[in-house]
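Input: a single structure, listed below in C-alpha cells.
The values are calculated or read from the model by the stated rules, or taken from the named source; none is laboratory data. Fair warning: this is a prediction, and the values are worked out from it, not measured in the lab. Using ideal geometry, Cβ is built from the backbone for each residue, glycine included, and neighbour counts are taken over all protein chains shown. The area values use the complete protein model at the heavy-atom level, side chains included, leaving out ligands, DNA and RNA. Shrake-Rupley method; radii C 1.70, N 1.55, O 1.52, S 1.80 Å.
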Amino acid sequence: MRTIVAAVAAGLLALLSGAAMAASLNVLETDPPSPATLASGENFFVRFALEDPEPTRVQVRALHRGSAVADLFTSTPRPLPAGGGTEVAFIFLRPKNAPVEVDEIVLSVARESQTLTGAPAESFSMPVQLTWSTAPTTAARPE
C-alpha cells in the first residue's frame with residue numbers, strides 16, 4: 001500500500017512540476033521600431049518566438065503608466081503547438097480627440113491547461129515609446 005501511495009504522490013508531484021514549467025518568450029522585432037509615432041489605425045507589430053511544452057495562445061496588451069490603454073484593437077491570439085513557435089501579434093488605436101501614448105507592451109501566454117482551469121497567464125513585458133496621432137493613415141510608412 002505504501003508503494004502505491006508513494007507512486008501516486010510521485011506522479012502528482014511530476015504533474016504539478018510540469019504544469020509549473022515557465023514559458024520562454026523572446027521578442028524578435030517590432031514594426032515600426034520604438035520610438036515611433038503612428039497614424040490613427042496604423043498597426044504596431046510584435047514578432048516573437050515562444051518556447052513552451054504545452055499548446056498556447058499569446059494575447060497582446062498595451063499600457064500607459066501601468067494602466068490599460070482604452071479602445072485598443074488587437075490581433076486575435078492564434079494557437080501555437082506544444083513546443084512553441086514564431087508568431088506575430090499587432091495592436092492599433094484610433095484616437096479621436098488627442099494622441100494616445102503607449103509605454104509598455106505586455107504579451108500574455110495562456111496554456112490550454114490554464115484556459116481549462118482558469119489559472120492566470122504568464123506575462124512578458126517590454127518598454128516602448130509609441131504615440132498614435134489623430135491623423136488618419138494616408139500613405140505607406142517611409143523606409
Pairs with Cβ under 9 Å, 6+ apart, first in region 67-89 and over 24 Å from Ala49 (Cβ atoms), second open to solvent by 50 Å² or more (accessible area, probe 1.4 Å) and among the acidic types (Asp, Glu): Val69/Glu101
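Conditions tested, residue by residue: (1) over 19 Å from Arg61 (Cα atoms); (2) in contact with a Leu (Cβ under 6 Å, 6 or more places away or on another chain); (3) modelled with pLDDT under 90.
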| position | (1), (2), (3) |
| --- | --- |
| Pro77 | no, no, no |
| Gly84 | yes, yes, no |
| Val88 | no, no, no |
| Ala98 | yes, no, no |
| Thr115 | no, no, yes |
| Pro120 | no, no, yes |
| Ser123 | no, no, no |
| Trp132 | no, yes, no |
| Pro136 | yes, no, yes |
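Tell me the residue from Glu54, Glu42 that is among the charged types (D, E, K, R), open to solvent by less than 50 Å² (accessible area, probe 1.4 Å) and over 19 Å from Leu25 (Cα atoms), please.
Values: Glu54 fails: over 19 Å from Leu25 (Cα atoms).
Just one listed residue meets the conditions, Glu42.
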Residue within region 135-143 that is on the phi < 0 side of the Ramachandran plot, free of Cβ contacts under 8 Å to residues at least 12 places away in the same chain, of a type in the set (S, T, N, Q) and open to solvent by 60 Å² or more (accessible area, probe 1.4 Å) present: no
